[in-house]
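Notes for the one structure printed next.
The values are calculated or read from the model by the stated rules, or taken from the named source; none is laboratory data. The structure displayed is predicted, hence computed values, not measured ones. Positions of Cβ are backbone-derived with ideal geometry, glycine not excepted, and every protein chain shown enters the neighbour counts.
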Amino acid sequence: MRDATTTFAIALVDEWVRAGVTDAVVAPGSRSAPLALALARDTRIRVHVVLDERSAAFRALGIGLGTGRPAVLCCTSGTAAVNFHPAVVEAHHARVPLLVCTADRPPELRDTGAGQTIDQTHLYGTSVRWFVDPGPPTDEPGAGAVWRAIASRAVAETLGSPKGPVHLNLPFREPLLPTGAPLVDAPGRADGRPWTTTVAAPRTADPHALAELVRAHPRGLLVAGWGAHVDATVVARFAAAAGWPVLADAISGVRTGAHAISTYEALLRVPEFADAHRPDLLVRIGAPLTSNVANAWLDTGIPQVLIDPDGVWLDPNRAASVRIVADAEPLLTTVTALLDRPSSDWLTAWRAAEQQARTAIDRVLDTAPEPFEGVVARDLAAALPDGATLVVASSLPVRALEWCMAPRAGLRVLANRGANGIDGFVSTVLGVANDGGPTVGLCGDLCFLHDINGLLGADVAATFVVVDNDGGGIFSFLPQHGLAEFEELFGTPHGLDLVAVARAHGAQGERTADLSTLNEPHEGVRVLVVPVDREKSVAHHRTLWDATTTTIVRR
């Protein structure tokens, strides 16, 4: 009898390599042995072994986030597969390719009380682009073509539209290890081609209609949020041709150039400025801004055009009046060629306000008596070299970066903003760092602790800057701050020495307020813990808004 199980696993891996997959993350287990061995024995795949399944899933997610290619994610059956769910949800909402492979017991062992056996059918619900359970591998005529077609389609489905996770539930019968018997005949296509090549057509729209709208509304704004996926030079050219400013979130990838307004959070807290600078048209690419203040200001009273390549409804305020399903970059490029607005008092006013607010904010940050989140975020973004990647955590860090990061080119900023959770952050950063290049993660102490297992066995170089305010700093900015139960339920001080925790998990650790050593060469994972006082931080951030208000009102 030929060894169908081993052949099946080898065929899957070979087909994934043909489709461009380069990395796999494996959480140890027995039932997944056929696939784990096939991955480990194929020298074209880099295999990362991560003990904790939740951390493993976010490591794979980070690889997809950083490269745009799916990583294979492999685990045994049972609750191991359940621990993948948070990362699957993030990949779904963030449109990150992810190839999830959960080993399973064969059908005859399900619903019988067999160990490590749960119902894994459609385990991740509607969060996956495709689910398939091919059944246990068997030696049947044409089996090789079926296996390779499944593997090829799985990669194609992760790449969209939209990109996202795919779930292969793979039941294996014993024996799980190679038997030494001959393999099933399952050859791939000639010349190393994938079994099925998927060609994605460009998603286009009529540029003339949008150009006419822009020409008719000189007081317009281009708003770029997370996931904009547009080259910054394309945005700059459009802004210049339209005479529009760009409200560019720090995680949009386009906070650069003379048209980028980085201080909108502070400016829109000034009623006089906000009232006088209401736009008469808004074009948005990517998700809504992180800022609640800005999103409330951009209400349904402003005509809004939402451009999204996958037609996803990124519109929580129900403010979009026109939706365009198209790739934003070629659309904006074509529209730019149809525009001609060489000067704009509207743009000039916004740029003047940006300069004044930037000066006021920087003055407060430069003279702060102790470090706080805004100082750390601004200085970190400015200090990293061109070509570096900054991965910023949800909660207060991503907001501090939005509030305080100055426009700059050459820095890639990433974040887990699909579901906006803090879970899996450490592993996401390590996944992003997988392809080399300076990679830094900015997070809070609770976020760091939440995925501390991700440091175990880390096989890449990365730096973490951890703002340690001994608890949940974001809650100090919210209404529950005044409750008697605040510290117990929201502040949640942990009292841990994060440097010692980092070292216990195999990383280098240092407690410092000086980030001057940030770009020094190092091996492995380095953790820089910056102490911050939670209560003083709130006061310091309020000083930012007060300084901007004073500057703008007196203007």
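Quick look at the values:
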{"item": "Neighbours by Cβ (under 6 Å, 6+ apart or cross-chain): first from segment 70-98, assigned by TED's automatic domain parsing to the domain that holds Ala36; second aromatic (Phe, Trp, Tyr) and surrounded by 24 or more Cβ atoms within 10 Å (Cβ to Cβ)", "result": "Ala87/Phe58"}
{"item": "Hits in segment 122-151 - residues which are of a type in the set (Gly, Ala, Ser) and either buried (at least 23 other Cβ atoms within 10 Å of the Cβ) or within 24 Å of the chain's Cα centre (by Cα) (or both)", "result": "Gly125, Ser127, Ala151"}
{"item": "Subset of segment 462-494 [out of contact with any His (no Cβ under 8 Å at 6 or more places or on another chain), in contact (Cβ under 8 Å) with a residue 60 or more places away in the chain and of a type in the set (Ser, Thr, Tyr)]", "result": "Ser476"}
{"item": "Hits in segment 49-61 - residues which are surrounded by 24 or more Cβ atoms within 10 Å (Cβ to Cβ) and not in a helix (DSSP H, G or I)", "result": "Val50"}
{"item": "Segment 231-259 - residue that is of a type in the set (A, V, I, L, M) and surrounded by fewer than 24 Cβ atoms within 10 Å (Cβ to Cβ) and, of those, farthest from Val413 (Cα to Cα)", "result": "Ala241"}
{"item": "Considering residues of segment 416-450 that are of a type in the set (Val, Ile, Thr) and in a helix (DSSP H, G or I) only, the residue farthest from Thr517 (Cα to Cα)", "result": "Thr428"}
{"item": "Within segment 1-42, considering residues that are assigned to a loop (DSSP other than H, G, I, E, B), of a type outside the set (D, E, K, R) and in contact with a Ser or Thr (Cβ under 7 Å, 6 or more places away or on another chain), the one surrounded by the fewest Cβ atoms within 10 Å (Cβ to Cβ)", "result": "Ser30"}
{"item": "Val128 vs. criteria of a type in the set (A, V, I, L, M, F, W, C) and out of contact with any Leu (no Cβ under 7 Å at 6 or more places or on another chain)", "result": "yes"}
{"item": "Among residues of segment 91-127, those that are assigned to a loop (DSSP other than H, G, I, E, B) and within 16 Å of Arg69 (Cα to Cα), counted", "result": "3"}
{"item": "Qualifying positions in segment 353-381 - among the aliphatic types (A, V, I, L, M) and closer than 17 Å to Leu528 by Cα", "result": "Val375, Val376, Ala377, Leu380, Ala381"}
{"item": "Qualifying position, being surrounded by fewer than 20 Cβ atoms within 10 Å (Cβ to Cβ), in contact (Cβ under 8 Å) with a residue 60 or more places away in the chain and over 23 Å from the mean Cα position of the chain (by Cα), among Asp533, Asp514, Asp459, Asp497", "result": "Asp533"}
{"item": "Test result for Arg203, modelled with pLDDT of 90 or more and either surrounded by fewer than 17 Cβ atoms within 10 Å (Cβ to Cβ) or on the phi < 0 side of the Ramachandran plot (or both)", "result": "no"}
{"item": "Qualifying residues in segment 295-329 (those that are farther than 15 Å from Val283 by Cβ and touching a residue at least 40 places away in the same chain (Cβ under 8 Å)) - the one surrounded by the most Cβ atoms within 10 Å (Cβ to Cβ)", "result": "Val312"}
{"item": "Residues located in segment 405-437, provided they are under 27 Å from Ala260 (Cβ atoms), at pLDDT below 95 and either assigned by TED's automatic domain parsing to the domain that holds Asn83 or touching a strand residue (DSSP E or B) at 6+ places or on another chain (Cβ under 7 Å) (or both)", "result": "Gly437"}
{"item": "Hits in segment 62-117 - residues which are within 16 Å of Ile422 (Cα to Cα) and crowded, with 23+ Cβ neighbours inside 10 Å", "result": "Gly62, Leu65, Phe84, Ala87, Val88, Glu90, Ala91, Ala94"}
{"item": "Candidate set: segment 380-425, residues that are among the acidic types (Asp, Glu) and closer than 22 Å to Leu446 by Cβ; chosen: the one surrounded by the fewest Cβ atoms within 10 Å (Cβ to Cβ)", "result": "Asp423"}
{"item": "Residue selected from segment 196-254 under the condition hydroxyl-bearing (Ser, Thr, Tyr) and over 17 Å from Glu265 (Cβ atoms), by the criterion nearest to the chain's Cα centre (by Cα)", "result": "Thr233"}
{"item": "Residues located in segment 486-504, provided they are under 16 Å from Cys447 (Cβ atoms) and modelled with pLDDT under 90", "result": "Phe490, Gly491, Thr492, Pro493, His494"}
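Residues are listed down the side, and each one gets a yes or a no for (1) assigned by TED's automatic domain parsing to the domain that holds Val465; (2) basic (Lys, Arg); (3) over 18 Å from Glu265 (Cα atoms); (4) not in a loop (DSSP other than H, G, I, E, B):
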{"position": "Val312", "(1), (2), (3), (4)": "no, no, yes, no"}
{"position": "Ala319", "(1), (2), (3), (4)": "no, no, yes, no"}
{"position": "Arg323", "(1), (2), (3), (4)": "no, yes, yes, yes"}
{"position": "Pro330", "(1), (2), (3), (4)": "no, no, yes, yes"}
{"position": "Val335", "(1), (2), (3), (4)": "no, no, yes, yes"}
{"position": "Ala353", "(1), (2), (3), (4)": "no, no, no, yes"}
{"position": "Ala357", "(1), (2), (3), (4)": "no, no, no, yes"}
{"position": "Ile361", "(1), (2), (3), (4)": "no, no, no, yes"}
{"position": "Val375", "(1), (2), (3), (4)": "yes, no, no, yes"}
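Let's see how each residue does on (1) closer than 21 Å to Ala393 by Cα; (2) within 25 Å of the chain's Cα centre (by Cα); (3) of a type in the set (D, E, K, R):
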site: Val465; (1), (2), (3): yes, yes, no
site: Gly473; (1), (2), (3): yes, yes, no
site: Ala484; (1), (2), (3): no, no, no
site: Glu488; (1), (2), (3): no, no, yes
